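The values are calculated or read from the model by the stated rules, or taken from the named source; none is laboratory data. Note that the coordinates shown come from a computational prediction; the quantities given were computed from them, not determined experimentally. Note: ideal-geometry Cβ built from the backbone for every residue, glycine included; neighbour counts use all protein chains shown. Note: accessible area is taken over every heavy atom of the protein model, side chains too, but ligands, DNA and RNA are not part of it. Shrake-Rupley method; radii C 1.70, N 1.55, O 1.52, S 1.80 Å.
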Amino acid sequence: MKRIAWSLPVIAVLGLLLVSCFDDVGDCPSCPPQNSAVLRISVAQNGLVDSVQIRLDGGSQVTVRRKGEHRFESLGAGTHVVETTRWFNDFGIPSSRAETIRIELHRGETRTIAFHNDFPLITWLETVAGDRAAAPRAFHAHPVG
């Protein structure tokens, strides 16, 4: 009976040590860093869109002109709100269309919102443990409202 009474505290101490080793679940040496997502905005050289004004998560407004791009780097994982205003020049008459896009980013992921004609095209590049050679995928954006 002495052996059982003595071994219970040892088991309890070992259990606490084991739990303390795994208490920082977010530490992953092969995972991308916390704020490693990138959102790239581009406007095509030829197309209907002359420029796009972008506001990410209520921050400062950025203007991307035809044949240009802007990168929002060091973004955290989660859903980001992208407010866009597309500017067109129809037969010398400037016009605009605004929409809001919610885009989910993961750690180490790069997504691109490309403006060419009257809709944004979103592509993304998923990275696995820093592999930037993954094949990009694309889909049309569904506006929030």
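Listing for the model above:
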item: Contacts under 6 angstrom Cβ, first residue in segment 96-107 being more than 16 Å from Arg40 (Cβ to Cβ), partner open to solvent by less than 80 Å² (accessible area, probe 1.4 Å) and assigned to a strand (DSSP E or B), 6 or more apart; result: Ser96/Thr85; Arg97/Arg86; Ala98/Thr85; Glu99/Thr84; Thr100/Glu83; Arg102/Val81
item: Near pairs, Cβ below 9 angstrom, 6+ apart or cross-chain, from segment 44-65 (within 13 Å of Val82 (Cα to Cα) and of a type in the set (Gly, Ala, Ser)) to any residue that is in a strand (DSSP E or B) and open to solvent by 50 Å² or more (accessible area, probe 1.4 Å); result: Gly58/Glu83
item: Members of segment 45-78 found to be more than 25 Å from Asn35 (Cβ to Cβ) and either in contact with a helix residue (DSSP H, G or I) (Cβ under 9 Å, 6 or more places away or on another chain) or not β-branched (Val, Ile, Thr) (or both), listed by number; result: Gln45, Asn46, Gly47, Leu48, Asp50, Ser51, Arg65, Arg66, Lys67
item: Sole exception among (1) more than 16 Å from the chain's Cα centre (by Cα); (2) surrounded by 12 or more Cβ atoms within 10 Å (Cβ to Cβ) for Leu105, by number; result: (1)
item: When residues of segment 31-65 are limited to those that are modelled with pLDDT of 95 or more and in a loop (DSSP other than H, G, I, E, B), the one surrounded by the most Cβ atoms within 10 Å (Cβ to Cβ); result: Asp57
item: Those residues of segment 83-125 which are in a strand (DSSP E or B) and basic (Lys, Arg), in sequence order; result: Arg86, Arg97, Arg102, Arg111
item: Filter result (modelled with pLDDT of 90 or more and within 18 Å of Gly68 (Cβ to Cβ)) within segment 95-129; result: Ser96, Thr110, Arg111, Thr112, Ile113, Ala114, Phe115
item: Residue in segment 72-89 that is among the acidic types (Asp, Glu), under 15 Å from the mean Cα position of the chain (by Cα) and open to solvent by 40 Å² or more (accessible area, probe 1.4 Å) present; result: yes
